[in-house]
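Peer 1: This is the structure I want to talk about, given as structure tokens.
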Amino acid sequence: MNRARLLHFNAALGPLDYKVPAGMRVEPGSIVVAPLGPRQIIGIVWEEERLPSDSVPDHKLRALIEVLPVPPLRAELRRLIEWTADYYCARIASVARMVLASGGALRGPSTMVEYRLSGNEPERMTPQRAVALDALQGEQATIRELAELASVSEGVLRGLVNQGVLEPVEVDIDRPYIKPDPDFAQPDLSADQQRVADRFIEAVQAEKFAPFLLDGVTGSGKTETYFEPLAAALRMGRQVLVLLPEIALTEAFLRRFEDRFGTPPVVWHSSLKSTERRRAWRAISSGEAKVVVGARSALFLPFARLGLLVVDEAHEVSFKQDDGVRYNARDVAVMRGHFEGVPVILASATPALESLQMAESGIYERLELPSRFGGATMPDVGIINLTEEKPERGRWLAPRLVEQLKQRLERGEQSLLFLNRRGYAPLTLCRHCGFRFQCPNCSAWLVEHRLSNRLSCHHCGHETTPPPNCPECGEPDCLVACGPGVERIADEVAEIMPEARVALVTSDTLNSPEKAAAFVRQAEDRMIDVIVGTQLVTKGFHFPELTLVGVVDADLGLEGGDLRAAERTYQQMAQVAGRAGRGTKPGEVLIQTRHPEAPVIAALAAGDRDAFYAAETDARRDAGAPPFGRWAAIIVSSEDEAEAKEAARAIGGTRPSLPDVMILGPAPAPMSLLRGRYRYRLLINARRSAQVQNIIRDWLGTLDFPQGVRVAIDIDPYSFV
Ligand code: ADP
Ligand code: ZN
């Protein structure tokens, strides 16, 4: 190649051509540095014919500066990048940016300095130094990390470095990871598990694309089952990616992985330190990192030799990214399997309707685990009709649920109360004048967080301290909390059963992997009687002594205009119910609702999953909703309300008229103000046959908007706010 076309990250310019200087070798996928004006940019060499641009004559080309010391992005990954950009109507550079997720990694191997205790004593012992010496036994890390570990200031540790108590160690950032051992501790699988695992192993060995839906009830041992094809891929020297929905889930997962394979996997998520990120990225691209467990962003990592993809809890909404490139990691994972030519396993106890439909139509192979592992039975589900069985005044738990909680406490068993609402109360108002605390940046109430003494907006993060008097009428002692959040439920439990040990589990209290791990350990060691939590507790946890699950308000998810509300509610309830009775003792679930007749609730009470999916399928078919029809959203926003409205009108006014497409809106979004931006939405509902992406591109491509206007396209949207 003596010229090269670059995909780069300068949004204002199209693809750029460069001369490849003598002696430099590049190929499609090479990551290079090129001059642009007085600056240098990073770019990826791309096939010219796949990235059209005006051709520049040879003599006008500037020369590439250098090729970065990392393997070129493979063709399989380049095709995935193109597909993702095309399908989600995103810029190809925005997708490629997710691949180059570590700037440092591109710069090649490097070392850094860490510190450890040298064995020398400090000249003078202070209480702080004593604490540090005690806490840092056997540790080695950067000064900043050690300071955090020991809970002392960095200054204290620098003092110890100067006295030779802490010694520097030069470490290779690229030091290798320990390889998981496929034969470390092989479990005895049940007959059902073995049958499913064998089918997976066969698919891994075939080295071909094969999408699977692993449809197994909660507690059936889906993880143990897909660990076997994972081991098979390892034996073949291939890499494996396991996508998980939440960081909170990974701690428990990591331990199980280590029990099975003798060492933890390589972890990838958004809060990695930059050195960890860099080390992982390089090991993944060299093929040295064998198993990667990560959040959705791990999907775009440059694996050298992938052999299997697993998406665990594949129904989870958090696989859908709602800013930047609005992709669904579950769907893109299947496409990655397709391009790489490897099997993909989507595992869930409550698959998305879309996934079930794919299985139904024979595109995915469905494998079932119909019963819980080790003879545990599925829990009994009972309904508490809140219009008849009312909680006491000012309380939220009905007498029957309270009674059951007390019984569990007496028997030394654990209970779980689920309410998908962080904080103490979702709304605070003035009893005197009716004033309500609202976010200045969003159409949302401020949520009271009593533990941190804050009123906060869950959309933009705006926070204030609750004032003593009403800011509107000035009256003292007149502010009242309306409705419950988990903090309030935890208070109620403490009032009803003062001797109970209550754990509050929300993203506020479990905001680090360490805290998540500590919680899991406490629950397993039976140091917790009642867990009160948000959707964080619906997933993945396995506590054998947990025998009662109470759903505080099943109607919460059914409110609002979310087109998938019923499915999501069903999944959430079924998952949280799935935490009960996973050990030898049977579990019971009590669901509080004002609408026992709603099909979702009725199906849960009857334990009739098929009935729910059948009813929901019919409803979706009638509405032309996914998977029978297609949705796409256009979200127009601006800090200037008139400008947003005008742009939305302009889009609405030029809507195409097509037989198989219906376009609704523009209308103010349910969150008409979000993070200081005014928002309008259009919803496109099309037949499956319609080329929605092309229609949108043609339509919006002809329009120009003022600088301050943002137009976002959301293909297969999950959020409708
Ligand atoms: P699921 O993800 O399907 O809800 P899990 O994978 O969490 O279920 O499995 C439930 C529990 O049963 C876990 O504690 C798991 O370790 C255990 N388990 C499942 N299968 C086996 C097996 N074959 N041998 C030993 N323990 C198993
Ligand atoms: Zn806000």
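The values are calculated or read from the model by the stated rules, or taken from the named source; none is laboratory data. Since we're looking at a predicted model, the values are computed, not measured. Cβ atoms come from the backbone with ideal geometry, glycine included; neighbour counts cover every protein chain shown.
Peer 1: Might you let me know whether the range 258-268 holds any residue that is buried (at least 16 other Cβ atoms within 10 Å of the Cβ), in contact with a helix residue (DSSP H, G or I) (Cβ under 7 Å, 6 or more places away or on another chain) and among the aromatic types (Phe, Trp, Tyr)?
Peer 2: yes
Peer 1: Looking at the structure I just gave you, is residue 211 under 30 Å from residue 505 (Cβ atoms), in contact (Cβ under 8 Å) with a residue 24 or more places away in the chain and not aromatic (Phe, Trp, Tyr)?
Peer 2: no
Peer 1: To continue, here is another question. Where in the range 85-151 are the helices (runs of 4 or more DSSP H), entirely inside, with at least 3 residues that are touching a helix residue (DSSP H, G or I) at 6+ places or on another chain (Cβ under 6 Å) and either closer than 20 Å to residue 275 by Cβ or without any contact (Cβ under 8 Å) to a residue 24 or more places away in the chain (or both)?
Peer 2: 143-150
Peer 1: Also: Being away from ligand 1 (no atom under 16 Å from the Cβ), among the polar types (S, T, N, Q) and either out of contact with any strand residue (DSSP E or B) (no Cβ under 8 Å at 6 or more places or on another chain) or at pLDDT below 90 (or both) is the requirement here; does residue 672 meet it?
Peer 2: Here the answer is no, as residue 672 does not meet what is asked.
Peer 1: Restricting the range 182-228 to residues that are in a helix (DSSP H, G or I) and aliphatic (A, V, I, L, M), which is nearest to residue 574 (Cα to Cα)?
Peer 2: So, considering only residues that are in a helix (DSSP H, G or I) and aliphatic (A, V, I, L, M), the one nearest to residue 574 (Cα to Cα) is 196.
Peer 1: Now, a different point. If we scan the range 318-331, do we find a residue that is farther than 21 Å from residue 603 by Cα and among the β-branched types (Val, Ile, Thr)?
Peer 2: Within the range 318-331 (the criterion being farther than 21 Å from residue 603 by Cα and among the β-branched types (Val, Ile, Thr)), the answer is yes, since at least one residue qualifies.
Peer 1: Just to check your reading of the model, which residue among 304, 347, 289 is at pLDDT 95 or above and within 16 Å of ligand 1 (Cβ to nearest atom)?
Peer 2: On inspection, the qualifying residue turns out to be 347.
Peer 1: Are there any pairs with C-beta distances below 7 angstrom linking a residue in the range 434-445 that is under 20 Å from residue 637 (Cα atoms) and within 7 Å of ligand 2 (Cβ to nearest atom) to a residue that is aliphatic (A, V, I, L, M) and part of a loop (DSSP other than H, G, I, E, B), with the two at least 6 apart or on different chains, and if so which?
Peer 2: 439/446
Peer 1: Of the numbered conditions (1) within 16 Å of ligand 2 (Cβ to nearest atom); (2) among the hydroxyl-bearing types (Ser, Thr, Tyr); (3) within 28 Å of residue 594 (Cβ to Cβ), residue 464 satisfies every one except a single condition; which is it?
Peer 2: Unmet condition: (3).
Peer 1: Based on what the data block shows, is residue 603 under 20 Å from residue 671 (Cα atoms), of a type in the set (A, V, I, L, M) and either outside any helix (DSSP H, G or I) or at pLDDT 90 or above (or both)?
Peer 2: no
Peer 1: Would you confirm whether any residue within the range 236-255 is part of a helix (DSSP H, G or I), of a type outside the set (Lys, Arg) and modelled with pLDDT of 95 or more?
Peer 2: No, the range 236-255 contains no residue that is part of a helix (DSSP H, G or I), of a type outside the set (Lys, Arg) and modelled with pLDDT of 95 or more.
Peer 1: Here is a further query. For the range 316-328, what are the residues that are buried (at least 24 other Cβ atoms within 10 Å of the Cβ) and in a helix (DSSP H, G or I)?
Peer 2: 319
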